[in-house]
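A quick write-up on the structure given underneath.
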Amino acid sequence: MDKIILTADRPTGKLHLGHYVGSLKRRVELQNSGEYKRTMVMVADAQALTDNIENPEKVRQNIIEVALDYLSVGLDPTKSTLFIQSVIPELCELTFYYMDLVTVSRLQRNPTVKSEIKLRNFDASIPVGFLTYPISQTADITAFKATTVPVGEDQLPMLEQAREIVHKFNSVYSEVLVEPKALLPENEACLRLPGTDGKAKMSKSLGNCIYLSDSADEINSKIKTMYTDPLHIQVSDPGHIEGNTVFTYLDAFCRDEHFERYLPDYANLDELKAHYKKGGLGDMKVKKFLNNVVQEELEPIRAKRAEFEKDIPEVYNILKKGSDVAREIAAQTLHEVKDAMKINYFDDVELIKSQAEKYSK
Ligand code: TRP
């Protein structure tokens, strides 16, 4: 079976380091691996509207930000299809049919939906579109027969839901849909990159993000004030690594060669950690090193972004071309789905013939 990647982001803000290590970096590697027949990357504007109905302008303004972030990390429109969700009406149609295969209580039990309802204070007033977004996400995935969905951990319940719907569809109708698999980051630190304040998640609303498009100075000052070990007061104090954001970031980003370049007194991260634990290593020194490592990673991304920012109409053009391609694929799948459901009536010679016979008697 052909291996196909699909993944997406809600355009509610610029993408940050959490997105980068959790999924974006992997997508680029997969795109370049030559192992996949197709890499589809979608700006999920329709999904973003499900919980931003008071602020549609935010979604509209951020489509370009997400697209610029995609291009700047190395998603290449000649290798990947970059497209916009709402431009593909076939996704709505698939969603509508899949809705029959899911119960309301199943949606309410979805852990991601549950915690998002809490977070957004929806409680008794959950928009229907919001509650059903896991179904629409299944449409996104299955429309392209995706086998592989590189996502963060929070999306696992969505993939579970998608597999259930695929299973149900294929057993009620026929084997048309492909069961997708999530692809999580292997590195523990990348799985759940904390915010710069040490909180469990990097999130725009918590104001604890380092954005891919941040300037070198912004990154530097965010790292300077990053949460470390509150018990590590004097340089000579023994320090803790666990829950120490600076070290979590180093786990996510640093490689041995970074030590050669920026901190040659140590051969690798283990040595640095050992010294920190023993005492005698100051936070500022570690932060300075982290700053060098992060700057090295983000500098080329920022430079590439600046190039694409010079021609915004061209970025829209890339999205339009990608959406044309995506639409063709989704239309093909929708056709197969409707065939399986036997609702392509006008193509159904058998149906018309048998009913004609019935009435001619
Ligand atoms: N729910 C995802 C997020 O919030 C975005 C998304 C929409 C997505 N459709 C998808 C992710 C399909 C993977 C596959 O980040």
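The values are calculated or read from the model by the stated rules, or taken from the named source; none is laboratory data. Just so we're clear, the structure is a prediction, and the values are computed from it rather than from any experiment. Every residue, glycine as well, gets a Cβ built from its backbone with ideal geometry; the counts of neighbours run over all protein chains shown. Just so you know, the surface numbers come from the protein's heavy atoms only, side chains and all, with ligands and any DNA or RNA stripped out. Shrake-Rupley method; radii C 1.70, N 1.55, O 1.52, S 1.80 Å.
Once you have the Cα-Cα distance between residue 360 and residue 242, take 0.36 nm times their residue separation minus that, and quote the gain in nm to one decimal.
Numbers: separation 118, 0.36 × 118 = 42.48 nm, distance 7.96 nm.
Additional length available on full extension: 34.5 nm.
Label the range 221-279 by shape, choosing from rounded, prolate and oblate, from the square roots a ≥ b ≥ c of the eigenvalues of the Cα gyration tensor; if a/c is under 1.5 it is rounded, and otherwise prolate applies when a/b is larger than b/c, oblate when it is not.
oblate
May I have the extent of the alpha carbons of the range 1-141 along their three principal axes, as whole Å values ordered from largest to smallest?
Reported extents, whole Å, longest axis first: 46, 35, 26.
So for each of 237-245, 35-43 I average, over its residues, the number of other beta carbons within 10 Å; can you give me the resulting order with the highest mean first?
Values: 237-245: 16.4, 35-43: 21.3.
My ranking of the peptides, most packed first, is 35-43, 237-245.
Can you give the direction-averaged projected area of the convex hull of the alpha-carbon atoms in the chain, in nm²? The partial results should precede the final answer.
On the way: hull surface 87.7 nm².
Average of the hull's projected areas for the chain equals 21.9 nm².
Quick one: what do you get for the range 163-219 if you divide its Cα Rg by 2.2 N^0.38 Å? Don't jump to the answer; show the numbers that get you there.
On the way: Rg = 19.2 Å, N = 57, 2.2 N^0.38 = 10.2 Å.
My calculation over the Cα atoms of the range 163-219 gives 1.88.
Counting only protein heavy atoms and using a 1.4 Å probe, what share of the accessible area of the range 234-361 belongs to carbon plus sulfur, as a whole percent? It would help to have the intermediate numbers written out before the result.
On the way: 4040 of 7620 Å².
Accessible surface attributable to carbon and sulfur in the range 234-361 totals 53 percent.
Find the Cα radius of gyration of the range 178-269, compare it with 2.2 N^0.38 Å by division, and give the number to two decimals. Kindly include the intermediate steps, with their values, before the conclusion.
On the way: Rg = 15.4 Å, N = 92, 2.2 N^0.38 = 12.3 Å.
So the Cα radius of gyration is 1.26 times the expected 2.2 N^0.38 Å.
Per residue and in cubic angstrom, what volume does the convex hull of the Cα atoms of the range 243-321 have? The partial results should precede the final answer.
Numbers: hull volume 9.5 nm³, N = 79.
Here the figure is 120 Å³ per residue.
Between 303, 67, 331, find the one with the highest GNM mean-square fluctuation for the chain; connect C-alpha pairs within less than 10 Å.
Answer for the Gaussian network model of the chain: 303.
Peptides 129-136, 50-57: what's the order by average Cβ count within 10 Å, highest mean first? Don't jump to the answer; show the numbers that get you there.
Numbers: 129-136: 21.1, 50-57: 13.6.
The densest-packed peptide leads the list: 129-136, 50-57.
Search the structure for amide H atoms under 5 Å from the amide H of residue 81, placed 1.01 Å from N in the peptide plane, and list their residues when 5 or more places away or on another chain.
Counting only residues 5 or more places away or on other chains, the set is 39, 40, 41.
For a test of understanding, tell me how many lysine pairs in the range 202-297 have Cα atoms under 24 Å apart, given they are 8 or more places apart or on different chains.
For the range 202-297, qualifying lysine pairs total 22.
Would you compute, from DSSP H runs of 4+ residues alone, the mean residue ellipticity of the chain at 222 nm, taking -39500 (n - 2.57) per run and dividing by the full residue count, rounded to the nearest 500?
Details: 17 runs with 196 residues, N = 361.
Calculated from helices alone, the mean residue ellipticity at 222 nm is -16500 deg cm²/dmol.
Looking at the P(r) of the range 190-340, how many percent of alpha-carbon pairs lie beyond 20 Å?
Values: 6816 of 11325 pairs.
Percentage above 20 Å: 60.
Could you work out Rg/(2.2 N^0.38 Å) for the range 200-247, with Rg from alpha carbons only? Don't jump to the answer; show the numbers that get you there.
Details: Rg = 12.8 Å, N = 48, 2.2 N^0.38 = 9.6 Å.
Normalised Cα radius of gyration, the range 200-247: 1.33.
If R0 is 30 Å, what FRET efficiency do you get for residue 61 and residue 220 from their C-beta distance, rounded to 0.05? Please report the intermediate quantities before stating the final value.
On the way: r = 27 Å, r/R0 = 0.90.
In this case the efficiency is close to 0.65.
Take each of the peptides 152-158, 171-177, average the number of other beta-carbon atoms within 10 Å over its residues, and list them starting from the highest. Intermediate values should be presented prior to the final figure.
Values: 152-158: 17.4, 171-177: 15.3.
Descending mean neighbour count gives 152-158, 171-177.
Taking the solvent-accessible surface of protein heavy atoms with a 1.4 Å probe, what is the per residue accessible area of the chain in Å²?
Numbers: 17990 Å² over 361 residues.
Roughly 50 Å² per residue, with all protein chains present.
Once the mean 1/r over all distinct Cα pairs of the range 281-361 is inverted, what Kirkwood radius in angstroms do you read off? Kindly include the intermediate steps, with their values, before the conclusion.
Values: mean 1/r = 0.0534 Å⁻¹.
For the range 281-361, inverting the mean 1/r across all distinct Cα pairs yields 18.7 Å.
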